[in-house]
Amino acid sequence: MQFEGAMLEYRLQKGKDKFEPIYYYTNIDLPQILTRRECEFFIKEGKTYKQLSSAIEDELFVIYVELYEETAMEMQELLCEGIKLEIRELSTSKNHPLITFEYMANHLDILSMIGSIYTYIEDKEWERDSAEIDEDRGVYVLYVTPTGYMLAT
């Protein structure tokens, strides 16, 4: 495999064309890198970063970010079998209510969900808005909005 020794670095925008490395991951597999790259937002140490772009430099994957907001750091959830994916309704006024969650076996399963435009939950169609990885809580979050379409049963 070409990217067996792949590494990931997050770089923070510090000026018009200036970026500073802020987080570096050496023990990370390609599916996790690709899943993180699909996320528009990245939360770590109470800071939310918004992805600007991404690149590959040999075996170094780079995600360029800007600081989006700072909040109190949330506690990591109890570890369970698998990787947690929350699906939340995009609604600031309702504090992004949780629609459902599940534990997935691997990052490719997470990528399959967050990379889809439409998701169906209890026959109701939801459209993808954005996704985030929240390292503070140890979860991925998919934000969706209802389309009003219902699957025929």
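The values are calculated or read from the model by the stated rules, or taken from the named source; none is laboratory data. Since the structure is predicted, the reported quantities are computational estimates derived from the model, not experimental observations. FYI the Cβ positions are ideal-geometry reconstructions off the backbone, even for glycines, and counts take in every protein chain you see.
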Report summary line: Selection over region 105-153 where residues are of a type in the set (A, V, I, L, M, F, W, C), outside any helix (DSSP H, G or I) and in contact with a strand residue (DSSP E or B) (Cβ under 9 Å, 6 or more places away or on another chain) yields a count of 12
Query raised in the report: Can you tell me which residue in region 30-78 is farthest from VAL141 (Cα to Cα), limited to those that are touching a residue at least 40 places away in the same chain (Cβ under 8 Å) and among the aromatic types (Phe, Trp, Tyr)?
Result: PHE61
Requested in this report: Considering each of THR145, THR119, THR153 in turn, give the residue that is surrounded by 15 or more Cβ atoms within 10 Å (Cβ to Cβ) and not charged (D, E, K, R).
Outcome: THR119
**Report entry** Out of ARG11, ARG88, sole residue that is buried (at least 17 other Cβ atoms within 10 Å of the Cβ), in the same structural domain as GLU135 (by TED's automatic domain parsing), part of a strand (DSSP E or B) and of a type in the set (Lys, Arg)
**Finding:** ARG88
Report task. Of all residues in region 14-53, count the ones that are in a loop (DSSP other than H, G, I, E, B) and closer than 13 Å to GLU135 by Cα. Result -> 3
